[in-house]
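The values are calculated or read from the model by the stated rules, or taken from the named source; none is laboratory data. Computed from a prediction, not measured in an experiment: that's the story for all the values here. In this analysis, Cβ positions are derived from the backbone assuming ideal geometry, glycine residues included, and neighbour counts consider all displayed protein chains.
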Amino acid sequence: MNARPDNPGPGLAVAHCLRETDIFDGRIVGLGYEALDPGLHLPEYCDAGYLLPYPSAGDSTFLERIALIKEREQIDALIPCLDAELPSVTRLLSEIERMGIATYLPSPDQLELRNKDRLEELAAHAGIEAPRTKPVADAQFFFECTRRGWEFPLVVKGLFYDAAIVRSPDQAVTAFKRIAAQWGLPVLVQEFLEGEEVNLTGVADGNGRLLSPVMMKKLALTDKGKAWSGITVSDDTLLEASRSLVERTRWRGPLEVEVMREPDGAYRLIEINPRFPAWVYLTAGAGHNALDTLLRLMRGERLDCEEPAPAGVIYLRYAEDTILPLEEYESVVMNGWRTPLEPHQESSP
Amino acid sequence: MSELQFSEESLLPDAATLERLALSSSGFLFDPVSGHSFTLNETGRDILKILQETRDLKALKQQLSDEYDLDSSTLDRDLLEFLGSVRDQLRRP
């Protein structure tokens with residue numbers, strides 16, 4: 001779920017969308033990695049909550065856990081919401097499906113295509129440019145980069161996560177060391193783009209069609225640069241780039257396309273995320289509930305919803321407190337799941 | 001002072017941009033492509049409304065001079081400033 005207040009993952013928003021689909025009234029089981037993940041403890045969104053082992057624990061540990069959850073909860077479908085868990089799930093797809101759990105995901109090849117060091121290739125599929133990117137394994141680069149045509153400011157990025165805007169060699173080296181320590185080498189250096197970010201989410205059917213597209217521009221950012229408000233927009237260039245990308249890669253499953261609209265009107269591809277974004281609840285608000293589309297595709301329905309959502313629908317994110325009885329927290333810590341499974345009850349004295 | 005010669009092409013937002021703008025009677029203006037919204041006073045709202053209907057600068061100036069008690073050069077100057085601001089804001093990424 002990763003429902004952190006300052007940088008939430010998509011899990012809770014996905015559950016929120018599921019609650020509002022017309023075709024699903026079953027139980028939702030939230031999966032998280034920390035006992036204090038709020039998503040595990042909110043019965044209005046998740047009927048039960050389970051801890052998962054971190055991907056570093058290995059495939060067999062992960063599969064054992066999924067098997068246990070299947071046995072206890074009879075889950076029919078799995079919707080991964082975090083980048084880091086997607087490689088494991090796609091690698092173990094046949095085992096997961098043998099348990100009777102449905103998924104709708106990109107292939108391992110498609111997942112690799114959206115690696116940050118293959119951005120230019122991905123952008124070519126979308127028919128737009130990518131920012132100039134270079135893998136760097138030695139921090140000395142930053143003291144020579146201006147002579148090689150890399151002017152500050154630059155963006156220093158980890159291979160999987162994390163990014164920092166740097167304006168001098170000293171700042172760059174600090175960011176390089178921090179990111180390399182956490183995410184390994186090489187670190188990616190990217191030209192800094194000015195402009196305005198516009199994003200699209202939807203579901204690709206694996207046959208070249210992008211369904212239920214919703215485009216969003218962030219209206220307000222937190223100190224960490226994360227959106228806490230956004231509005232649906234209608235941007236033909238982003239829509240066509242996304243459709244082209246889906247068609248040419250035969251993408252399957254959820255995706256988020258992030259582009260930068262530069263002051264001169266040019267578009268550059270920043271990233272593709274192989275999952276729903278944290279703002280996915282806006283799709284339900286805009287009448288294009290992405291989870292409704294995903295569930296229908298999982299059921300094998302042939303869908304015809306390729307028109308984008310209307311512009312002008314706003315979402316506003318907020319933090320809210322919830323009360324957690326000690327027994328419930330204890331259950332998650334000691335057993336790895338939340339009980340009781342009913343809405344919160346009074347804690348016994 | 002001679003009257004400023006306006007060229008519609010250079011002064012006005014292009015027809016497609018004008019057409020897509022959602023302008024409400026309150027003066028709230030929304031651009032569905034950029035996602036930007038603006039607030040206009042009554043005069044600004046009326047100017048945009050006329051332009052969305054006709055995109056005819058001469059007709060616009062005539063309507064404004066009928067409505068407001070302004071000499072031609074003041075009207076030209078204010079209009080030039082307003083339209084420049086509209087173009088800049090709509091072009092803003």
Give me the pairs: first residue in the stretch A:169-180 and touching a residue at least 24 places away in the same chain (Cβ under 8 Å), second residue part of a helix (DSSP H, G or I) and of a type in the set (Ser, Thr, Tyr), beta-carbon distance under 9 Å, and six or more apart or on different chains, which are they? A:169/A:146
So in the stretch B:15-28, with the set limited to residues that are in a loop (DSSP other than H, G, I, E, B) and surrounded by fewer than 18 Cβ atoms within 10 Å (Cβ to Cβ), which one is nearest to the other protein chains (Cβ to nearest Cβ)? B:24
Listed residues A:112, A:151; which is within 26 Å of residue A:278 (Cβ to Cβ) and among the charged types (D, E, K, R)? A:112
Answer with yes or no whether residue A:105 is touching a residue at least 24 places away in the same chain (Cβ under 8 Å), closer than 27 Å to residue A:238 by Cβ and of a type outside the set (Asp, Glu). yes
Count, please, the residues in the stretch A:309-333 that happen to be away from chain B (no Cβ under 14 Å), surrounded by 14 or more Cβ atoms within 10 Å (Cβ to Cβ) and within 30 Å of residue B:22 (Cβ to Cβ). 1
If you take the residues in the stretch A:281-308 that are hydrophobic (A, V, I, L, M, F, W, C) and over 21 Å from residue A:27 (Cβ atoms), which one is surrounded by the most Cβ atoms within 10 Å (Cβ to Cβ)? A:282
Residue A:40 fails exactly one of the following numbered conditions: (1) at positive phi; (2) surrounded by 13 or more Cβ atoms within 10 Å (Cβ to Cβ). What is the number of that condition? (1)
Selection within the stretch A:185-212 - more than 14 Å from chain B (Cβ to nearest Cβ) and either closer than 30 Å to residue A:303 by Cα or free of Cβ contacts under 8 Å to residues at least 24 places away in the same chain (or both): A:201, A:202, A:203, A:204, A:205, A:206, A:207, A:208, A:209, A:210, A:211, A:212
Please work out which residue is farthest from the chain's Cα centre (by Cα), limiting yourself to the stretch A:235-280 and to residues that are within 10 Å of chain B (Cβ to nearest Cβ) and either under 20 Å from residue A:157 (Cβ atoms) or surrounded by 19 or more Cβ atoms within 10 Å (Cβ to Cβ) (or both). A:262
Condition check for residue A:232: over 20 Å from residue A:22 (Cα atoms), in contact with a helix residue (DSSP H, G or I) (Cβ under 9 Å, 6 or more places away or on another chain), away from chain B (no Cβ under 14 Å) and polar (S, T, N, Q): no
Do we have residue A:208 as within 26 Å of residue A:105 (Cα to Cα) and modelled with pLDDT of 95 or more here? yes
When the stretch B:22-69 is examined, which residues are found to be free of Cβ contacts under 8 Å to residues at least 40 places away in the same chain and closer than 16 Å to residue A:231 by Cβ? B:22, B:24, B:28, B:29, B:30, B:32, B:33, B:35, B:37, B:39
Can you go through A:227, A:163 and tell me which one is under 18 Å from the mean Cα position of the chain (by Cα), in the same structural domain as residue A:137 (by TED's automatic domain parsing) and among the small types (Gly, Ala, Ser)? A:163
